[in-house]
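In what follows, a single structure is set out as structure tokens and then discussed.
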Amino acid sequence: MTKKWDVFPSTTLKVGQDFRLAGFDTAATPGFSGNEKDALKIMDKHAKALSELQEKLFADGRTGGTTSVLLVLQGMDTAGKGGIVRHVVGMVDPQGVQHRAFGKPTDEELSHHYLWRIRNALPAPGKIGVFDRSHYEDVLVVRVHDLVPGAPWAERYAEINAFEAEVAAAGTRIIKCAMLISPDEQKRRLAERLERADKYWKFNPGDIDERAYWNEYQAAYQAMFDGTSTDVAPWYAVPADNKWFARLVVGSLLFEALSSLNLGWPAADFDVAEQQRRLAELEI
């Protein structure tokens, strides 16, 4: 018999005021007593359900609805964000997905407020938006490397919270997942990329440079959690040392969010019986 969630991740992994990143077990599987095989079976079940839920969302957007979903994936290099996109988001119809990977800002983006490029990438009604990195780069890497000297971080957190509240009020359900791995697991994954010719393309020498700032990033993440995990858009701290568990968590959170929208199929805006009659009578 397949193991199921004992406690759903929206409860066990939700970041509250007492959350502390120090000592967080990135290899744990809180709320789930099964193994990888059990997780894969659950994901298979999710695939069919997610497909139908996403189609309802897409249909709602095509018929005047204003609802969308935004999945924010944040994490250190090698944390598994790309795998989430392939293995979780890949279970739904790609025409209903808007994916955006945020890298170093362009000159045009730097000429605007840091949230400008984020606003431009928000999912349209009926779509599942996926941010691989996000506006949180501006309170993580920007803070760690002091790219905006003297920046009032508390004000940025408040600004981000207001922005997300505005987005949510407009009809977007926000799911924020912090993919958390240990330094040892990151080192193992980087080493694997250097050992396999089919992984060279994923390796960036700068990733090793960033490891030197591990403690600074941990402090920045803790401050981010403290300042921006809200009732409207809470953070979920995802233990990501086990890729299968991280994918199960994000897939389950996405399933729960889509289910909670309670969307039905749009009603026909035409006389169904009349169109059936016309079709039956039409001879080609």
Using 7 Å Cα-to-Cβ label points, what is the ALA169/PHE24 separation (nm, one decimal)?
2.9
Part-to-part distance (alpha-carbon centres) for region 37-82 and region 196-214, which is given in Å:
28
At 7 Å along Cα-to-Cβ for each site, give me the label-to-label distance between ASP226 and LYS104 in nm.
3.1
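Using the Cβ atoms and a cut-off under 15 Å, what net charge is assigned to the surroundings of LEU115, where Lys and Arg are +1 and Asp and Glu are -1? Let's see the in-between values first.
Values: positive: ARG100, ARG117, ARG119, ARG133, ARG156; negative: GLU108, GLU109, GLU137, ASP138, GLU155, GLU159, GLU164, GLU166.
Net local charge, LEU115 excluded: -3.
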Under 5 Å, built H, 5+ apart or other chain: amide partners of GLY129:
VAL69, LEU70, LEU71, GLN98
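Mind checking the per residue accessible area of the chain for me, 1.4 Å probe, whole number of Å²?
On the way: 14770 Å² over 284 residues.
Per residue, the chain has 52 Å² of solvent-accessible surface.
Within the set LYS14/LYS104; LYS56/LYS176; LYS45/LYS187; LYS14/LYS199; LYS45/LYS202, which residue pairs have Cα atoms separated by over 27 Å?
Values: LYS14/LYS104 29 Å; LYS56/LYS176 22 Å; LYS45/LYS187 33 Å; LYS14/LYS199 33 Å; LYS45/LYS202 31 Å.
Distance filter (> 27 Å) returns LYS14/LYS104; LYS45/LYS187; LYS14/LYS199; LYS45/LYS202.
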Set of aspartates and glutamates near LYS127 by C-alpha distance (under 15 Å), chain-local residues within fewer than 8 positions excluded:
GLU52, GLU55, ASP60, ASP93
If I model a spin label at LYS199 and ALA162 as a point 7 Å from the Cα along the Cα→Cβ vector, what separation in nanometres do I get?
4.5
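Which of the DSSP-defined H helices in the chain satisfy a minimum axial length of 15 Å, computed from C-alpha atoms, and a minimum mean Kyte-Doolittle hydropathy of -1.0?
Long hydrophobic helices here: 36-62, 153-169, 214-228, 243-260.
Would you mind classifying region 125-206 by shape? Square roots of the alpha carbon gyration tensor eigenvalues, ordered a ≥ b ≥ c; an a/c under 1.5 is rounded, otherwise it is prolate if a/b is larger than b/c and oblate if not. Walk me through the numbers on the way to the answer.
On the way: a/c = 2.92, a/b = 1.54, b/c = 1.89.
Since a/c reaches 1.5 but b/c is at least a/b, the shape of region 125-206 is classed as oblate.
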Loop-located GluC sites (Glu not before Pro) in region 212-284, at most 12 other Cβ atoms within 10 Å (DSSP)
GLU283
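The values are calculated or read from the model by the stated rules, or taken from the named source; none is laboratory data. Because the structure is a prediction, the values reported are computed rather than measured. All Cβ positions, even for glycine, are placed from backbone atoms using ideal geometry, and neighbour counts span all protein chains on display. Heads up: the accessible areas ignore ligands, DNA and RNA and are worked out on the full protein's heavy atoms, side chains in. Shrake-Rupley method; radii C 1.70, N 1.55, O 1.52, S 1.80 Å.
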